[in-house]
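Asks: Below you will find the structure I want to go over with you.
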Amino acid sequence: MTTADNTTVLQSFVRTVLDGKDLPAAEKFLSRNFLHHDRAPGEDTGQQTGLAGTQSFLANTVFTAFSRFNTTFEDLVAEGDLVAARWHQTSVNTGTWLGRPATGSTVDIAGISIVRVRDGLIVEEWEARDSVSMLRQLGVSLPRLTVLPGQDAAAPPQFTPAPFRANGPLMGGPLDLLDLKSLVASLFAGVYNSGNIGLLQLLLAPGYVLHDPTGLLPGTRNGIAALVSTFRSGMPDFATTVDLQLAQGDRVVTRWTGRGTHKSTLFGIAATGVPVSVSGISVVRARGTQIQEEWLLWDQLSLLQQIANGPF
């Protein structure tokens, strides 16, 4: 199947099964061993494993509580058997959800999904969604995260992208897909993992725009500087791994995981000493040899569950 075919599978699944609430049709789009790597709020670990588990979760938890789903795809990126979608979705809370009575309110959330399609069926999925915003819209009280101020730092005199291949200083003409992935991976290896804020001067264009649907971060280079400084201040051993990447045209999608030990104040929450693991997905647009624009979502709810006794 082509990347266009795989993209159609994802779009059709969402429009038919989720927005259309046609659960029997799920077998046309999901493999029997389908695996969702990122559970939704209130979902027991392993509950959404397999076609049958997914149908059960949607029927007994999602569709009993929410109706009038409407999903809009804002960007689609495909490479090989992977398809990524940046989306926003509205629904109405018309039934009891996880023991909470219906509010009748419209819920509007953003998300980024990556699926793997084989032989016309989705076999696995990774997802980053704005669960914190969803819960707040439903009246759930959650701690407000805060970030340290982000500040510019001097750029290093020379930089070699990593880890895919060393192709010299980051300068020159347009990059191919491998170079684009390397450019984005260097953001994690060189900035998130090393705390070298000065590299942002080279990796991110002067007019770089950050889209953070949660509203936590400023929409400039200082937004990434603030996020990195906050992670590394609260978890001095903080490090990320790039779990998955795909690229098409000028877009690169990266699924990443950050890990560290909560040794100091983190997003305004006092040290607990516990190990922390959070995941996220970013979509970037690059031009020339710099990142021009980024859409970023990471699992703030999981962080609250680990260090602030968050719900679900």
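The values are calculated or read from the model by the stated rules, or taken from the named source; none is laboratory data. Keep in mind the model is a prediction, meaning the values are calculated, not measured. Cβ atoms come from the backbone with ideal geometry, glycine included; neighbour counts cover every protein chain shown. Surface areas here come from the heavy atoms of the whole protein model, side chains and all, with no ligands, DNA or RNA. Shrake-Rupley method; radii C 1.70, N 1.55, O 1.52, S 1.80 Å.
Asks: What's the angle, to the nearest 10 degrees (0 to 90), between helix 3-13's Cα axis and the longest principal axis of the chain?
Replies: Helix 3-13 sits roughly 40 degrees off the main axis of the chain.
Asks: State the percentage of accessible surface on the chain attributable to carbon and sulfur atoms; use a 1.4 Å probe and exclude ligands, DNA and RNA.
Replies: Solvent-exposed carbon and sulfur of the chain make up 50 percent of the total.
Asks: Please give the per residue accessible area of the range 208-268, computed with a probe of 1.4 Å over protein heavy atoms only, in Å².
Replies: Value for the range 208-268: 33 Å² per residue.
Asks: Label the chain by shape, choosing from rounded, prolate and oblate, from the square roots a ≥ b ≥ c of the eigenvalues of the Cα gyration tensor; if a/c is under 1.5 it is rounded, and otherwise prolate applies when a/b is larger than b/c, oblate when it is not.
Replies: Oblate, because a/c is 1.5 or more while a/b does not exceed b/c.
Asks: Same structure again: With labels modelled as points extended 7 Å from the Cα through the Cβ direction, what inter-label distance (nm, one decimal) is found for T272 paired with K28?
Replies: With each label placed 7 Å out from Cα toward Cβ, I get 4.4 nm.
Asks: How far is helix 177-186 tilted, in degrees, relative to the longest principal axis of the Cα atoms in the chain, given as a value from 0 to 90 rounded to the nearest 10?
Replies: 80 degrees
Asks: Now for a separate question. Taking only protein heavy atoms into account and a 1.4 Å probe, give the accessible area per residue of the range 1-137 in Å².
Replies: 43 Å²
Asks: For the range 233-311 and the range 53-112, compute the distance between their C-alpha centroids and round to whole Å.
Replies: If you average the Cα positions of each part, the centres end up 22 Å apart.
Asks: Work out how much length D19 to T96 would gain on full extension: take 0.36 nm times their residue separation and subtract the Cα-Cα distance, in nm to one decimal.
Replies: Here the answer is 25.8 nm.
Asks: Continuing with the same structure: Report the gain in length on full extension from F73 to T146: 0.36 nm times residue separation, minus Cα-Cα distance, nm rounded to one decimal.
Replies: Contour length minus Cα-Cα distance gives 23.3 nm.
Asks: Go through the range 84-155 and name the trypsin sites (Lys or Arg not before Pro) that are in a DSSP coil and have 14 or fewer other Cβ atoms within 10 Å of their Cβ.
Replies: Of the trypsin sites (Lys or Arg not before Pro), the ones in loops of the range 84-155 whose Cβ has at most 14 other Cβ atoms within 10 Å are R144.
Asks: While we're on this one: Based on alpha-carbon centroids, what's the gap between the range 211-231 and the range 5-37 in Å, whole number please?
Replies: Distance between centres, Cα-based: 33 Å.
Asks: I've got another one for you. If you take the beta carbon distance between T2 and V123 as r and set R0 to 25 Å, what does 1/(1 + (r/R0)^6) give as a FRET efficiency, to the nearest 0.05?
Replies: 0.90
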